[in-house]
Amino acid sequence: MRQSDIVAEVSNDKQTLTALVEQDNRVVYFYIFAREDLRDRFPKMRACWVRNLVPAPVNDDTDAMEQGIAPMLAAQYCRNLEGEAPLDPAQIQILWNESDDGAALWYQGLLLAVIPGWSLYIDHSVCYSAGCIKQNPLTFPLGSASTNAQCELAEKTRLFWRDWQNEFTNPWPKIQRKLLESYEDRFGPSLKYYLINQGSWPPMAISQHEDEENYYFFTVGMSIRPMPQIDIVFNDDAEKHRRIELAFSVGKEYVTEENAVQMASALSGYAQVPWTTLSWLGEGHTLMSPMAPLGFEGHVISSALCGPADKMRLPKIYGDPVNQFWVSPVFTSELEFAQAKPNGGFELVAAMIENDIGFVFAPRSAVM
């Protein structure tokens, strides 16, 4: 047996995960593994059998597993019993999903395998292969778009990237316009606009607004991509939680415009957090930031701090509702309280509301 060769290797957008295709003279596999500094959270490589290159064994390939090499798939699970041709590296395409934590393997325009993002967050590997016809310890059947949601999602992802790469179908102008219209309908025209994506995809910005009393800042474009983990955390309700935009407001009587902009710059870092950490943001979550106002340690994010009269209805993005969370500075004691217990962030927000602390930042005392 010859040594296996890596015939394709592609990192995701934030370089947190790497997908690769490996083959020897017996079998082809598709893998996803985490960057070294994330392996304490994601220690297990996700492995998906793709095809046998020689006739399938009658029984499970235990000999290979005992030798620590990639096992072939047994005949009873294979679509092709005689084995298939090795993959030509020039014909391989690996597409990461929109949430940047799962990937699909395409070959000569056909879908061969899928490792869904949610499989990263469970104890065992889950993957789907077009060459498989029956569930087994190595893989699940991929089937078709009409029989398997993973197949359908992979096709949608392919079309998603195609649209973004085409100047005539690029969705950004429409998404940008709809979000800005929502902000302007409630808080007046956008006075300044700061790009925060540093030339990389997806396009993101902060839009600045103001009225007689306050400065307002809103992220624009964070909702383009769904957050990681949401599908496994919320299951059937995932669509209600996967897309967000952030906001910050501060009273004019307390700060200059320059100071307000500096405080709001925390939004720029937070807008990347779900994908740089393979996590998600939701009601009551807390974050540390050097951009917090003097005397504060970080922020809590919450939609509950905003009363009904001030809530905005943001446009749906790719059919999903978009949740808006206000970023509110918190003291060290409050941050420690929120992070010390399950649902501590919810209790912190409840205490802030009880003390008449709203979404517009103003000097205050600690509630914890």
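The values are calculated or read from the model by the stated rules, or taken from the named source; none is laboratory data. Since we're looking at a predicted model, the values are computed, not measured. Note: accessible area is taken over every heavy atom of the protein model, side chains too, but ligands, DNA and RNA are not part of it. Shrake-Rupley method; radii C 1.70, N 1.55, O 1.52, S 1.80 Å.
The mean sequence distance of close C-alpha pairs (under 8 Å, at least 6 residues apart), as a share of the length of the range 5-165, puts its relative contact order at 17 percent.
The long axis of helix 149-164 is offset from the longest Cα principal axis of the chain by roughly 60 degrees. Straight-distance candidates among the aspartates and glutamates for linking to LYS134, with alpha-carbon spacing under 14 Å and chain neighbours fewer than 8 residues away dropped: ASP60.
For SER303, the solvent-accessible surface with a 1.4 Å probe is about 40 Å², rounded to the nearest 10. Rounding to the nearest 10 and keeping the result within 0 to 90°, find how far the Cα-based axis of helix 344-354 lies from the longest principal axis of the chain. Helix 344-354 and the main axis of the chain meet at about 20 degrees. Straight Cα distances below 12 angstrom link LYS240 to the aspartates and glutamates ASP231, ASP320, with same-chain residues fewer than 8 positions distant left out.
Of the two radii for the range 224-287, the radius of gyration is 1.09 times the Kirkwood radius, both from the alpha carbons; that is the Rg over Rh value.
Across the range 284-328, the convex hull enclosing all Cα atoms gives 101 Å³ per residue.
Quotient of the Cα radius of gyration of the range 171-355 and 2.2 N^0.38 Å, N being its number of residues: 0.98. At q = 0.11, 0.13 Å⁻¹ the log10 of I(q)/I(0) for the chain amounts to -0.81, -1.01, computed by Debye summation with a single uniform scatterer per C-alpha, solvent ignored. In summary, the convex hull built on the alpha carbon positions of the range 134-203 has an orientation-averaged projected area of 8.4 nm².
For the chain, the longest principal axis of the alpha carbon atoms and the long axis of helix 172-187 meet at an angle near 30°. Accessible surface calculations at 1.4 Å, restricted to protein heavy atoms, place the chain at 48 Å² per residue. Expressed as a whole percent, the accessible area of the chain that falls on carbon and sulfur atoms is 50 (1.4 Å probe). Counting helices only, and only those DSSP H runs with n ≥ 4, report the 222 nm mean residue ellipticity of the chain as the sum of -39,500 (n - 2.57) divided by its residues, in deg cm²/dmol to the nearest 500. Calculated at 222 nm, the ellipticity per residue is -6000 deg cm²/dmol. Extents of the range 1-48, largest first, come to 34, 20, 16 Å (Cα atoms, principal axes, whole angstrom). How big is D for the range 30-74, in µm² s⁻¹ as a whole number, if Stokes-Einstein is applied with the Kirkwood radius of its Cα pairs at 37 °C and 0.692 mPa s? Here the translational diffusion coefficient equals 268 µm²/s.
Coordinate range of the alpha-carbon atoms in the range 5-165 per principal axis, descending: 44, 36, 29 Å. Contact order, relative form, for the chain: 10 percent (alpha carbon pairs under 8 Å, 6 or more residues apart, mean separation divided by residue count).
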